[in-house]
Amino acid sequence: GVIAAGRSDMPRAAKFLSQAAELQPRTASIRGNLALALKMLGRWHDAIAQAREGVRLDPSNAIIWNTLCAAQFELGDYDSASVSGRIAIALDPVAAEAWNNFGNVLVEVGHPLAESAFRAALARHPRLVQAWSGLGSAALRQRRYESALPAFEHALTLRWPSRWWPGGSPSSSLPPAQSLTNTVKLRHDIEQFEAGRRAGIYGPELDRKS
């Protein structure tokens, strides 16, 4: 299953990992890997179910808590995602992905510390493109256009890395289609922000230096 995931074949990864979970139902790492594969497939409810079982079997597994946070976030369950994210960070404070996912939650609930979470992620992994994009989103929510735009533009210069599996490389890139989708979205956001600035919606006077 992990080999299939490394080849970006998530359907096969989920199939093999599901079979592994049936054979070894009390192995937390298998549940965690299956949750990751299901998350990559957009099967949020299934991912949450597997991740919950994984952290029940091994409450100290920060990676599975982080996967749970990400899946809960996608379903809009920000309260639960916040709890899971905090646990993931407490268990592994140096995990950039955990800080990034927690930052995503804080942005959606309008928490003023969202930017701090993304900066914590970048302090640990300066080329984590998701964190640069999140930093831009956090600044935009505070109507700090002149801080948001450089963050989004910097994100466009980077590849979209993702640590899918325990021990995986943080520099491994996302599947080309997803990377392209993310890049197109960023470019669309920048075009909208430029249009907003020309229309006077955003401007330097709204920028509050952090």
Would you check if there is a residue in the stretch 139-150 being assigned to a helix (DSSP H, G or I), within 29 Å of ARG198 (Cα to Cα) and at pLDDT 90 or above? no
Which one of these is on the phi < 0 side of the Ramachandran plot, part of a loop (DSSP other than H, G, I, E, B) and at pLDDT 95 or above: PRO112, PRO25, PRO59? PRO59
Specify the residue that is nearest to the chain's Cα centre (by Cα); the eligible residues are those in the stretch 62-105 that are charged (D, E, K, R) and assigned to a helix (DSSP H, G or I). GLU97
Being assigned to a loop (DSSP other than H, G, I, E, B) and of a type outside the set (A, V, I, L, M) is the filter; apply it to the stretch 37-56 and report the residue that is least open to solvent (accessible area, probe 1.4 Å). GLY42
For the stretch 124-145: of the residues being free of Cβ contacts under 8 Å to residues at least 40 places away in the same chain and of a type in the set (Lys, Arg), which is nearest to ALA96 (Cα to Cα)? ARG124
Can you tell me which residue within the stretch 115-129, out of those that are assigned to a loop (DSSP other than H, G, I, E, B) and not basic (Lys, Arg), is surrounded by the most Cβ atoms within 10 Å (Cβ to Cβ)? LEU128
Return the only residue of GLU74, GLU115 being within 30 Å of GLN142 (Cβ to Cβ) and touching a residue at least 60 places away in the same chain (Cβ under 8 Å). GLU115
What about ASN61, is it open to solvent by 20 Å² or more (accessible area, probe 1.4 Å), touching a residue at least 12 places away in the same chain (Cβ under 8 Å) and not hydroxyl-bearing (Ser, Thr, Tyr)? yes
Just one of (1) open to solvent by 20 Å² or more (accessible area, probe 1.4 Å); (2) at pLDDT below 95 trips up LEU17, so point out which. (1)
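The values are calculated or read from the model by the stated rules, or taken from the named source; none is laboratory data. Remember, predicted model here, so these are calculated numbers, not experimental data. All Cβ positions, glycine included, derive from the backbone under ideal geometry; neighbour counts span all protein chains shown. Side chains included, ligands, DNA and RNA excluded: accessible areas come from the protein's heavy atoms. Shrake-Rupley method; radii C 1.70, N 1.55, O 1.52, S 1.80 Å.
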